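One structure is given below, encoded as structure tokens.
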Amino acid sequence: MAANNRRMSGKKGAQVGSGGQRRRGLEGKGPTPPAEMRKGHKKNRIAAAQTRRAQGRPATPKGRGGKGTSEMVVGRNPVVEALREGVPASTLYVQQFIDNDERVREALQLAADRGGINLMEAPRPELDRMTNGLNHQGLVLQVPPYEYAHPEDLAAAAYDVGEDPLIVALDGVTDPRNLGAVVRSVSAFGGHGVVVPERRAAGMTAGAWKTSAGTAARTPVARATNLTRALESYKKAGITVVGLAADGEAEVGSLAALEGPVVIVVGSEGKGLSRLVGETCDVRVRIPMPGGAESLNAGVAAGIVLYEVARRRA
């Protein structure tokens, strides 16, 4: 009976058997550790990157994002243009008994000057087989698979040099020329790389390399198995995810978040951001267009925002 009275009593206090847990919970956890020791803090990430350098560990392991597929550039003009623009190449195939015109001579000279490109002579039937019957005009350039980075590598490389990450992610952009233009803008404005989805998106083809005007050699492109999860991972690391949308709630010129670590997400010209990606963004911004255009090319839109970031960080 006494036990029942105690249970029904309105008196406050620790329950029998609590072992003083509530009292210990009030004692606190001691002084706040310095920023360098707090996980997720910018200074902690910079300190970790400095430790990796001191221990000789690479900050951005190559190939963690996987490799693309090999590609063939076919035809005299395309081959010459690819070699001029520095598109990576492993082998230049030349048809036996080919007419040695100016473009053939230039292709051979460019390949020889660059070095590291194998020169192979092959009969026409073999080139027909390699190109599935395309009009190769006696010249075929083999482009090796592109070695993608991992999305985490891009942020790590920025922190490794004590800089706030500036990354562009592409959502639904399928034209390799748009990808190349974005890579070029990221390089021009001091960005740290581009993220593309693994499926239903443009990859680093010869066309993307040519449009990048050689900047793809120094600006990494990462491939994400799931773009939404990659963006969520960036958010957990303290990086603000900013989506570009015509109906964005803020204007790009008034967004203070651009001054810190940021990922800029650009959607396709027709559909814009997908629903899940748009919901994942911390904020969606719009670019004022007094001329009345409905949308901008992905490369142009990315360039405008990257310029605004570079202007603020200067």
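The values are calculated or read from the model by the stated rules, or taken from the named source; none is laboratory data. Computed from a predicted structure; not experimentally measured. Counting neighbours? That spans all protein chains shown, and the Cβs are built from the backbone with ideal geometry, glycine included. When the accessible area is computed, the model is the full protein with side chains, heavy atoms only, and any ligands, DNA or RNA have been set aside. Shrake-Rupley method; radii C 1.70, N 1.55, O 1.52, S 1.80 Å.
Okay, here's what the table says:
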| read-out | value |
| --- | --- |
| Two-site label geometry, E163 and N118: point separation in nm, points 7 Å out along Cα→Cβ | 3.7 nm |
| As computed over the range 160-314, the Cα convex hull volume per residue (Å³) | 111 Å³ |
| Order by protection proxy (mean Cβ within 10 Å, highest first), peptides 105-118, 236-249 | 236-249, 105-118 |
| Efficiency of FRET between R229 and Q96 - r from beta-carbon atoms, R0 35 angstrom, step 0.05 | 0.10 |
| Residues whose placed amide H lies under 5 Å from that of G193, excluding near-sequence neighbours | V168 |
| Ordering of 135-144, 198-207 by burial proxy (mean other Cβ atoms within 10 Å per residue, highest first) | 135-144, 198-207 |
| Carbon + sulfur, % of accessible area of the range 92-171 - ligands and nucleic acids excluded, 1.4 Å | 47 percent |
| Inter-site label distance for V283 and S254 at 7 Å from Cα along Cβ, in nm | 1.0 nm |
| Debye equation applied to the C-alpha atoms of the range 187-258, log10 I(q)/I(0) at 0.22 Å⁻¹ | -1.19 |
| With every protein chain in place, the range 223-277: carbon and sulfur % of accessible area (1.4 Å) | 48 percent |
| Net length gained if the chain between L108 and A237 were fully extended (0.36 nm per residue, minus Cα distance) | 41.6 nm |
| Ranked packing of 156-167, 224-235, 250-261, most packed first, by mean Cβ within 10 Å | 156-167, 224-235, 250-261 |
